[in-house]
Amino acid sequence: MTDVSSEMVTAVLPLYLVAGLGLSPLGFGLLDGVYNGFSALVRLVGGHLADRGGGRHKAVAAFGYGLSAVCKPALLLVHSLPLIGAVLAVDRTGKGLRTAPRDALISLSSTPETRGRAFGVHRAMDTAGALLGPLVAFLILRQAADGYDAVFTVSFCVAAVGVVVLLLFVPGGRMKPAADPAAPAAAAAQPSLRASVALLRRPDVRRLTICATLLGLSTVSDSFVYLLLQHRLGVPDRWFALMPLGTAAAFLLLAIPLGRLADRLGRWRMFLAGHVALLGAYALLLAHGPAVLVLLLHGTFYAATDGVLMAAASTAVPAEQRGAGLALIQTGQAAARFAASLAFGAAWTAWGDRTALTCAAVALAGCAACAVWLRPAAPAAPPAPAS
C-alpha cells in the first residue's frame, strides 16, 4: 500500500520538477539527493528507538509511515525549491524512521537459513506496489485536468490506508528472535546509540557498512536513470510515468528467486552480482541500447541487492540491536546516495549527461573492485541445515 503511494509521487516528481517548475539538473540533483538521502540522518535513531524496551519496532515503523503520509498533500501547497525540499526532507525522515524497524521485524520473524527468501518476499510485495503506483499516476495524469495535484491527493489517500493496515493487521508484539547460532552473542546491556555505533567494531558489520557506502557513492538515482532514458529516446512527457514499471516488473519477478539463490550461494556474492548488473545498465545507456534491457538490468540490480544486503547484515548483528545494526548499514548507503545525486546533477549541468554517466560507470567499477577486496571475512549466510 505504501509503495503504491510513494511510487505515484516518485514516478511524476522528476518531470514535475524539471518540466513543470523548470529546475536545472543541478537543482533537481539537490532535491533528489534530499529525497533519497535525507533519511540517512534519522535511520540510526529509528533503529535505536525500535530496539529499546525489548523491541518497539511496530510503533516506530507506524510513526514513520504516518509522517510520510501527511507529506503527500503538503506537496500541493509548495512550489519553491526550499519549500519543496523541506517537504521532501520530512517525508524522507518518515522513511528513515520506519525502514530499520520494518526490516528488523522481518529479520526477527524468520529463520537464519531463510532470511534471503523472507526479504525477497517483502521486496516483491513492495515492488507489486511499485508497479501499481506509476500505472495509477499515468492514468490520473491522462484523465485529470490538474494532473499533478490529483496524483498527490490520491497518493495521500492510499498512504493513509496503508497506515491503517499496518496498525490493525501487522503483528506488533515483542518477538523472541529465531535461534541463530551464526549471529554474535547478544548484548546484555540496554541498547544505546553508543552501543549501536560500536557495532562497527565487529569486522563483518564494518566491512558491510564500508562496502555499502562505497557502492552507494557510484549509484545513479532512479530518477536520473529515467530522465536519461527520456533524453536519449525522446519519450513524450505523458509516457514518462510508465518508465519505472520496467524496473519494478524485473524487481518483482526476480526478488524471491534471487533471495533464495542468495541463501544457497552466498548473500555477499549476490550483492556484488547486482552491482555488475547495474554497471551493465549504465553501459547500455551510454551505447543507446534498448530501453527494455536497461530497465531489466536496473530491476535486477535491486532484486539482487536491496533485501539481500539486509539479510546478510541480519546475521552479523545481535538480535537485541537488530534495528540499530541494520540502520547503521542503511545510513552509510543512504548518505552515499545523497552525495551521489548531488555529484551527478552537478556533473550533468557542467559536462552533459554522457560525461556524467561515464564518470558514474567508471566510479562504480572502481568501487566494486574495492568491495571485492573488502568483502566480509566469513560468509554472510549460514549453510542450510541438512535434511
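The values are calculated or read from the model by the stated rules, or taken from the named source; none is laboratory data. Model, not experiment: these values are computed from the prediction. All Cβ positions, glycine included, derive from the backbone under ideal geometry; neighbour counts span all protein chains shown.
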Quiz item: Going through the range 11-27 one residue at a time, which ones are surrounded by fewer than 24 Cβ atoms within 10 Å (Cβ to Cβ) and either β-branched (Val, Ile, Thr) or not in a helix (DSSP H, G or I) (or both)?
Solution: Val18, Leu21, Gly22, Leu23, Ser24
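Condition check ((1) in contact (Cβ under 8 Å) with a residue 24 or more places away in the chain; (2) within 19 Å of Ala160 (Cα to Cα); (3) touching a strand residue (DSSP E or B) at 6+ places or on another chain (Cβ under 7 Å)) across all residues:
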position	(1), (2), (3)
Asp51	yes, no, no
Ser68	yes, yes, no
Val78	no, no, no
Leu88	yes, yes, no
Quiz item: Listed residues Ala249, Ala283, Ala335; which is assigned to a helix (DSSP H, G or I), among the aliphatic types (A, V, I, L, M) and closer than 29 Å to Arg202 by Cα?
Solution: Ala335
Practice problem: Search the range 185-212 for residues being at pLDDT below 85 and not in a helix (DSSP H, G or I), and hand back the single one that is surrounded by the most Cβ atoms within 10 Å (Cβ to Cβ). | Solution: Pro191
Quiz item: Could you list, in sequence order, the residues of the range 237-251 that are modelled with pLDDT of 85 or more and surrounded by fewer than 21 Cβ atoms within 10 Å (Cβ to Cβ)?
Solution: Ala249
Self-check item: Hits in the range 141-174 (condition: of a type in the set (A, V, I, L, M) and in contact (Cβ under 8 Å) with a residue 60 or more places away in the chain)
Solution: Leu141, Val151, Val154, Val158, Ala159, Ala160, Val161, Val163, Val165, Leu166, Leu167, Val170
Self-check item: Residue check, Ser218 out of contact with any Leu (no Cβ under 6 Å at 6 or more places or on another chain), crowded, with 20+ Cβ neighbours inside 10 Å and closer than 30 Å to Gly22 by Cα
Solution: no
Practice problem: Being at pLDDT below 85, of a type in the set (D, E, K, R) and buried (at least 24 other Cβ atoms within 10 Å of the Cβ) narrows it down to one of Arg98, Arg92, so name that one. | Solution: Arg92
Quiz item: Can you name every residue in the range 111-127 that is buried (at least 21 other Cβ atoms within 10 Å of the Cβ) and over 14 Å from the mean Cα position of the chain (by Cα)?
Solution: Pro112, Arg115, Gly116, Arg117, Ala118
Exercise. Determine whether Gly289 is out of contact with any helix residue (DSSP H, G or I) (no Cβ under 6 Å at 6 or more places or on another chain) and either at pLDDT below 95 or surrounded by 19 or more Cβ atoms within 10 Å (Cβ to Cβ) (or both).
Key: yes
